[in-house]
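Before any comments, here is the structure.
None of the figures in this text is laboratory data; all of them are computed from the coordinates on show. Quantities reported herein were computed from a predicted structural model and do not represent experimental measurements. Here the Cβ is made from the backbone with ideal geometry for all residues, glycine too, and neighbour counts use every protein chain on show.
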Amino acid sequence: MSAALKAEAGSPAGTTRWTGGLAAMSGRNWVVPGFLVIWTLIVIVPLVVLFSYSFFETKHFQTVYDPSFDTWISLFQSGRFEVTLRSLRIALTVTAIELLIGYPFALWLAKGGTTKTTKAVVLALLTIPFFLDLSSRTIIWRAILGQNGLVNSILTGTNLIDAPIEWMLYTEVSVHFGMIIAFFPTMVLPVYLAINVIDEALIEASEDLGATPFQTLKNVIFPLSLPGVLAGIVFTLGPALAAWVEPSMLGGGFVNLLSNSIESAYTALKYPVVAALSTFIILLLAVLLIIMLLIARRFGDLSSTFRVLKS
Amino acid sequence: MAISEHTHLTSTTTPQDRGEWSYWSGWKPLGKWGGLLMLFCIYFPLAWLALMSISERPLSGIPLPFSLQHYRALFADTKWVEPFGASILIALLVGIVSATVATLVGRALPRTRNPGGLLLLFLLPLFVPGMSLGAALFIFARSVLELKLGFWSIFIGHFVWAFPFSLLIILVLTTRFDNRLIEAASDLGASSWRSFWDIEFPLLMPGIIGAGLFGFLLSFNEVLRTIFLRGTEKTMPVWNWIMAASQQSQVPIIFALATIVLLVTLPLLAGMFWLVFARLDKS
Amino acid sequence: MKDKFSTTSQLELTRRTMLRAAGGLAGAAALTSLPGMSGVAQAATATVNGYGVTTAQLKDWSVMTDSIGVEMDFAGTNNSVGVFLRDVVASQLGDEVDIFIFESGTEDILGPQGVYLPIDESHPELSLWERTSDDWKRSAVVQDPDGNQWGVPVIGNADSFGYFPDKLGVDADSDEEISWSVMFEDDNTRGRVAYDQTWTYSLGPAALYLQGKGDATFGDIANLTRDEAKMVVDFLIERKKAGQFRTLHSAFEEQVQLLANKEVDVINCWEPAVREANLKLGDGATKYAYTKEGYFKWGHGAYIASQAKDRDNLDQIYKVLNYFLGGEYRALQARDRGYAGPNMDLGVAYAEEQGWSEEEIAALKATEAKVNRKFAKPYVSTTTPSNADVMEEEWQRFLNA
């Protein structure tokens, strides 16, 4: 692909030529601004309203519209803000583990010489869980991991252990376990899509030039798959932060995460607490993203990602 | 098609002997079996669930004795049909609308002045926990606008959730799209509609299908936002959620239903993906 | 302090909103009224629409239809009072629903706000009202603090905990009173206890136990002040750190599973969970406790939506309310769930009339005796304590510790 075209894509000249050619057909001049208006109305404004609610209070199931910092102060005094830190920590751990298992798997699936049928079946297997109720899938693990569950029965039955293992259920371990299983497809699918479109010729060229498999991976495949990796991280991190079923079913009430805390606040109709908790975690995420962007920029990876995206 | 400037780095290869560990033949099986183990962990409870759906006491953890009573109960009790139909309908709508809008926006976005900033704005719902966004939309629609909630608000909640996913999938394709094809077509005198339909659309097709599929799937299982936005309506996951909290347990029925959904979707999806591959190979 | 966002004025705005929604949102309205998609059928003359906790449901409503000629279309809700209040007020369920059934407390808020219709005690269809005892019909479950009658009593029970008699070393055949200490402080049960995860259900019993031990006194166990809640939570955190609780449970299925799989020895569950577990483990394997200190006493009330006064099925609604006071409903609820309610004698009479077995009739009488015995002890719960906000906040401290 020519460098000229690459430069053009971002330049005003390129923009004009592109839009000039198709403006008449799709009216793309108004598509983005028009949708932006709708988007503002259904996303941005509600979030701003939610934020403003964090300065109110709830007394006896009624919201008191008397602006103050009381909700924010109580958030920190009661230690409730800890649920956001805990949620973030667990979500990040889960995402990292997903990437570690998911990337090699996606690589194997896309470039490991798999047949068409294998690909179709594996992709279908990765998609089907979306159709099935998460709670009935998760509830099953309790019968498997419990003190008298399947795993412990097998282990004690074969005399491998004397007493049943207790940490397999109702701990942070089991919550991690449940989440890793639930979010595996959301990591693999975008990574696979990105790796799959990488031209075989590039990989062969790299090998012909004497690169080791690791160098090919590091210098060719990984940079080209970065958009998919970023998408996978985002697809996994977001839902993991909002995890609700796994902590309540496998955490035994000891792993209090954001959604559980919000649900509890709801039993007293405390919208301001919901608002403050949400605002706090969005701010934390923003800080985290900025740090990620800065680190990525230091290594020059991200800008190249955008260029990859654009070329 | 896509080449990054990283590729030239491969020519500055370090001596091969330093990377010998990377020739180890175990890497590939490791990647393969790691993922297959995860698939096993996903499907083991599903198989267990299917087994339990023909068990007399599904929550006991022991499958025996077998019985088809839950399937009979499922077909005798039609209360689940309405939420099930509602879920399918909303999911279809969300899938179609988000695929269409994502295609329109995804084609236009890379050519705007500040694509990065706009993209972040459109991806915002990914970073807002489900219950928070549900509560935000609820407060805005109910307390501020005083609208009555129902299917329309569930749809908006689901669309806001699904759109970022659809957009990203489309963008993966549009940003790699070779503009020269379009330019060549218009040089040859093709109308802009024709060049879209004949050239761009087929190339974007896998992405559009993917975007629609993601929209459908995300909507079909959505519960965190729906419980805020449903008004008096019920979707399948919300019905399950209510039933799981009730004393008159419907869980055995839910197991039976999940098993049927599994048996229907497995061959369907496998067939669809196989078709996609066969088609992609031809073109 | 309240402005247009408060629940009171939200309801006053209902009509205006509906008009606007009808006009301005014709498209959306069309979508919600797609044929066959409406969640709750429109009120017809012979049908009464109910909404509320699933506990109040008959396993088969057609039994009622056979008796009084009224059909029931009942939509279940989750047990959270927040969800219920939101559904009723914010979603204006009263536009479609005739009868709400929920645990005591909502009438204190929604009654004075005009969401519920006051009960017409002299309504001709409410024929059993006269003979219903004041213990049930004048209780806080169906009246607000000012004595206004907002509801009709449906069912009630005194909740304690389920346990394995052999594990606690208790004689399985006796009905001796057990202290809540097995829940909180007994060394034998440490790590073998499941405690409910919601503050509405779990904060009270802990306070009750501390009071019984003489460690503290409380103004109202159902409505703890900040300092009182703090003290109870400090105690619970100390016990949590000592490893007393194996898990904190949050759903009925989970209660059944924990007992049936013998994952715990003691659990503050609902009484039907013990019945379900015994179905698998055999009769008497688990028992529901008589306690020394007291119980979480609760009751469900049935309330009429205020919008129903302009509908033409008010007679049918009162027929259903009257049915809740009658023998058939009483007998079925007691048999299927072990729950009591007003006019227990009518339940026994119904069972005898229907030719139920001696055992079943004896069980009905036992249910009445059981509830009478348990109701002699404290405390009466409510879902809407005025200190809900601080109680919930303190409870989060327990969950986060």
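Could you work out [θ]222 nm for the protein assembly as shown from helices alone, using -39500 (n - 2.57) per DSSP H run of at least four and dividing by all its residues? Round to the nearest 500 deg cm²/dmol.
-18000 deg cm²/dmol
Show the residues, 5+ positions off or on another chain, whose built amide H is closer than 5 Å to the amide H of B:S55.
Correct list: B:S67.
How far apart, in nanometres, would the label points at A:T117 and C:V170 be if each is projected 7 angstrom from Cα along the Cα-to-Cβ direction?
Placing both labels 7 Å beyond Cα along the Cβ direction yields 6.1 nm.
Stretch C:A216-C:S62 to full length: gain in nm at 0.36 nm per residue minus the Cα-Cα span?
Separation in residues times 0.36 nm, less the Cα-Cα distance, equals 50.5 nm.
Would you compute, for the Cα atoms of the range B:96-173, the largest minus smallest coordinate along each principal axis and list the three values in descending order, in whole Å?
Cα extents, longest axis first: 38, 24, 19 Å.
What is the Rg over Rh value, at two decimals, for chain A, using alpha-carbon atoms and the Kirkwood definition of Rh?
1.04
Using only the alpha-carbon atoms, what does chain C span along each of its principal axes? Please give whole angstrom values in decreasing order.
The principal-axis extents, from largest down, are 65, 57, 40 Å.
Any idea how far apart B:E183 and A:A96 come out in nm if each label point goes 7 Å out from Cα toward Cβ?
Distance between label points: 4.6 nm.
I need the semi-axes of the equivalent ellipsoid of the protein assembly as shown: take the C-alpha gyration tensor, multiply each eigenvalue by 5, square-root it, list largest first in whole angstrom.
53, 33, 26
Counting only Cα atoms, I'd like the Rg/Rh figure for the range B:81-245, Kirkwood definition for Rh.
1.07
Just to be sure I understand: of the beta bridges DSSP finds with both ends in the protein assembly as shown, what percent are antiparallel, rounded to 5?
55 percent
Neighbour counts of other C-beta atoms within 10 Å: give me A:V48, C:V170, A:V234 arranged from fewest to most.
Ascending Cβ contact count within 10 Å gives the list A:V48, C:V170, A:V234.
How large is log10 of I(q)/I(0) for the range A:202-250 at q = 0.16 Å⁻¹ when the intensity is taken from the Debye formula with one equal scatterer per alpha-carbon?
One equal scatterer on each Cα of the range A:202-250 leads to -0.59.
So how far, in whole Å, is the C-alpha centre of the range B:116-130 from the one of the range C:142-171?
48 Å
How do C:294-304, B:75-85 rank on mean C-beta neighbours within 10 Å, highest first?
Output ranking for C:294-304, B:75-85: C:294-304, B:75-85.
Roughly how big is the range A:81-310's charge dipole about its Cα centre, with Cβ charges of +1 (Lys, Arg) and -1 (Asp, Glu), in debye to the nearest 20? Kindly include the intermediate steps, with their values, before the conclusion.
On the way: 13 positive and 14 negative charges, 95 e Å.
So the dipole magnitude of the range A:81-310 works out to roughly 460 debye.
Bin width 5 Å, alpha-carbon pairs only: give the P(r) of the range C:277-361 as whole percents, running from 0 to the bin holding the largest distance.
Over the range C:277-361, the share of Cα pairs per 5 Å bin runs 3, 11, 15, 16, 16, 17, 10, 6, 4, 2, 0 percent.
Where the centre of each part is set by its Cα atoms, how far does the range B:139-164 sit from the range A:73-144, in angstrom?
27 Å
Given a cut-off of under 8 Å on Cα pairs at least six residues apart, what relative contact order in percent is computed for chain A?
27 percent
I'd like to know how the range B:48-128 sits against the 2.2 N^0.38 Å rule of thumb: what's its Cα Rg over that expected value? Don't jump to the answer; show the numbers that get you there.
Details: Rg = 22.6 Å, N = 81, 2.2 N^0.38 = 11.7 Å.
That works out to 1.93 for the range B:48-128.
Divide the volume of the convex hull of the Cα atoms of the range C:81-121 by its number of residues and quote the answer in cubic angstrom per residue.
81 Å³
In vacuum, with every alpha carbon of the range A:116-273 counted as one equal point scatterer, what does the Debye formula give for log10 I(q)/I(0) at q = 0.10, 0.14, 0.15 Å⁻¹? Two decimals, please.
Results for the range A:116-273 at q = 0.10, 0.14, 0.15 Å⁻¹ read -0.58, -0.89, -0.95.
Going by how many other beta carbons lie within 10 Å of each one, how would you line up B:C41, C:C269, fewest first?
Listing B:C41, C:C269 from fewest to most nearby Cβ atoms yields B:C41, C:C269.
For B:F216, B:F228, what's the fewest-to-most ordering of other Cβ within 10 Å of each Cβ?
B:F216, B:F228
Residue by residue through B:226-233, how many Cβ atoms from other chains fall within 10 Å of the Cβ on average?
Mean inter-chain Cβ contacts per residue within 10 Å come to 5.
Over all residues in C:238-249, what is the mean tally of Cβ atoms on other chains that come within 10 Å of each residue's Cβ?
3
Mean Kyte-Doolittle hydropathy of 1.6 or higher plus an axial Cα length of 24 Å or more: which whole DSSP H helices in chain A meet both?
Helices meeting the criterion: A:222-241, A:271-298.
Using a cut-off of 10 Å between beta-carbons, work out the net charge of the residues near C:P272 (Lys and Arg +1, Asp and Glu -1, C:P272 not included).
-1
Just tell me how shielded A:97-107 is by partners: mean number of partner chain Cβ atoms within 10 Å of each residue's Cβ, no decimals.
4
Obtain the nm distance between the two label points defined at C:T225 and A:F76 by a simple spin-label model: each point lies 7 Å from its Cα along the Cα-to-C-beta direction.
The two pseudo-label positions are separated by 2.8 nm.
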